[in-house]
Amino acid sequence: MLLVLADSSCFAFDFLLKGPKQEKPADRQMQRAVETSCVKLAFETAIRFYQKRISPVGGFDRCGFRPSCSAYGYQAIAENGPVIGLLMTGDRLTRCNIWKEPGPDYTLLPNGKLYDPPSQNLLHEMP
Amino acid sequence: MTPHRKIFCMKCLKVHILFWCSTLLLLFNGFLACAQEKGIWLTDRIQLKLGDAFMEEGEFYRAITEYKKLLILFPDSEQADYALFKIGMAYYQGEEYESSVQSLSTLRANYKESKHLAQARYLQGISYWKLKQLEQAGETFDSLAKDYPQSPFAPLSLVAASLVALDEENTAESRSRLEQLISRYPDDSAARNAIRAAPLISRYENLPQKSKALASVLSAVIPGTGYVYAGRYGDGITAFFINGLWIAGAVTGIQAEYYAISGVLAGVGLPFYLGNIYGSANAAKKWNLEVKRSLLDQVYLALDFKF
């Protein structure tokens, strides 16, 4: 009887074995579909054009950061709007120089790139 | 004939009873032996052992299941409070801090005589801290130090309360809790650590800070100088030359009356210029954070505090 009870409670608490809840990534397709800002759309299209047509010329990965400067710019504009996004992109392009090195601001990734997402460079939020 | 038959029947009955009793006894003994050999005799202690084994292996959610089974199957067990405490601990280890707080609150409400209450309250305080609910965390640590002064968790809770106050940027509170610790538990190792950490907390009040506004103004006047002010020399030199080139190009274009080219250069250069101002302010903010973080690391090290 006890064993039967123990077994049945196992099934009852099955959901506990699944671990902590994880948020699903945002649906980018949906975000694009509801995009209404023309300025934002223009910048995003320009960055996509650069990524697909201009960046592959030369054939090697030049940016030392991850996300790369273009991906950073795209993310910054998508998440913070065209004004702040553009400022953040200008700042990032300035920081992408020969003096950058791993430290408290930039974590070194296994592929040798430095991790620097837009979320770490917001003035109004704690990194 | 009748009395003879009666005697026969009585004898027969006795034999039957004896036979069935001995058979049942044998069967029961056999079942017991078999059950003990195969370890299927479920008790609250065995259930607890299962949970503890999963906890040791880091299988926190399986451990929670086993502890909950104990609470369901043996609600009157003497180990029920311990199981509830371990559920809270397993949730904490699994970084489910809200659930941890809930379990530990249930323990505090339902088992007022439990010997795990002090530890549970300490863990609850840490969970609140992890949830960034600093006020509740401080209150929990303070109440622990007040209600269980003899517990080994009392000095620890004062250390934690001091660090929570430091997170709230309340250095006076932080220092007063360390002073309480030193006066109440002078022989405790935590008190010796507190004596070492107290001067660091005083330094926290007078930390050097870089002004974001000043960094922005500097970069607006001479591009790159805001980065230099915030200690980023490489970024400052880069910003100075990039913006210098854009500005020089635009100005030369105007002087040569190539207004269209000048406009394009100014348009492309403008985000770099504004970005340099934004980046300088951001660099100052990061510099301030880094100074704070570095001092906090020293305080944690001096207090020998680990989560």
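Coordinate-derived values only; no laboratory data. This one's a predicted model, so the numbers in the text were calculated from it and none came from an experiment. Don't worry about glycine lacking a Cβ; one is built from the backbone with ideal geometry, like all the others, and counts go over all protein chains shown.
Brief remarks on what is shown
- One chain, two ends: B:Arg184 and B:Asp76. Fully extended at 0.36 nm per residue, the span grows by 35.1 nm beyond their Cα-Cα distance.
- Ranked B:Thr23, B:Thr171, criterion: other C-beta atoms within 10 Å, fewest first: B:Thr23, B:Thr171
- Placing +1 on the Cβ of every Lys and Arg and -1 on the Cβ of every Asp and Glu, with no other charges, gives the stretch B:169-307 a dipole of roughly 220 debye about its Cα centre.
- When the Gaussian network model of chain B links Cα atoms closer than 10 Å, the mean-square fluctuations of B:Asp44, B:Asp142, B:Asp187 top out at B:Asp187.
- Sparse-neighbourhood loop sites, chymotrypsin sites (Phe, Trp or Tyr not before Pro) in the stretch A:42-127 - DSSP loop, at most 13 other Cβ within 10 angstrom: A:Phe60, A:Trp99
- Relative to the current alpha-carbon distance between B:Asp147 and B:Ala213, full extension at 0.36 nm per residue lengthens the span by 19.0 nm.
- For the options B:Leu265, B:Leu296, B:Leu117, a Gaussian network treatment of chain B with springs between C-alpha atoms closer than 10 Å singles out B:Leu265 as fluctuating the most.
- Label-reachable residues, the stretch A:98-117, where backbone N falls under 16 Å from a point 7 Å from A:Gln51's Cα toward its Cβ: A:116-117
- Ranked list, fewest to most other Cβ atoms within 10 Å of each Cβ, for B:Thr65, B:Thr43: B:Thr43, B:Thr65
- Which of B:Ser100, B:Ser162, B:Ser151 has the fewest Cβ neighbours within 10 Å, and the rest in rising order: B:Ser151, B:Ser100, B:Ser162
- Cα gyration tensor shape of the stretch B:179-299, rounded if a/c is under 1.5, else prolate or oblate by comparing a/b with b/c: prolate
- Legend: mean number of C-beta atoms from other chains within 10 angstrom of residue C-beta atoms, peptide B:237-243, equals 4.
- Ratio Rg/Rh, restricted to the protein assembly as shown and using Cα atoms, in which Rh is the Kirkwood radius: 1.23
- P(r) weight above 38 Å for chain B, C-alpha pairs, percent: 50 percent
- A Förster radius of 41 Å, combined with the Cβ-Cβ distance separating B:Ile46 from B:Leu296, puts the computed FRET efficiency at roughly 0.35.
- Comparing mean-square fluctuations of B:Ala266, B:Ala284, B:Ala137 from a GNM of chain B with C-alpha springs under 10 Å, the top value falls on B:Ala266.
- For B:Phe19 and B:Ala220, the difference between the fully extended length at 0.36 nm per residue and the C-alpha to C-alpha distance is 61.8 nm.
- Restricting the stretch B:78-135 to GluC sites (Glu not before Pro) that sit in a DSSP loop and have at most 11 other Cβ atoms within 10 Å of their own Cβ leaves B:Glu78, B:Glu113.
- FRET efficiency for B:Ser176 and B:Phe241, using Cβ-Cβ distance with R0 set to 51 Å, rounded to 0.05: 0.50
- Distance between the modelled labels on B:Asn110 and B:Ala260, one decimal in nanometres: 8.0 nm (7 Å Cα→Cβ projection).
- Principal axis dimensions, largest first and in whole angstrom, of the stretch B:66-161 by Cα: 39, 28, 18
- Estimated purely from DSSP H runs of n ≥ 4, each contributing -39500 (n - 2.57), the mean residue ellipticity at 222 nm for chain B is -27500 deg cm²/dmol once divided by its residues.
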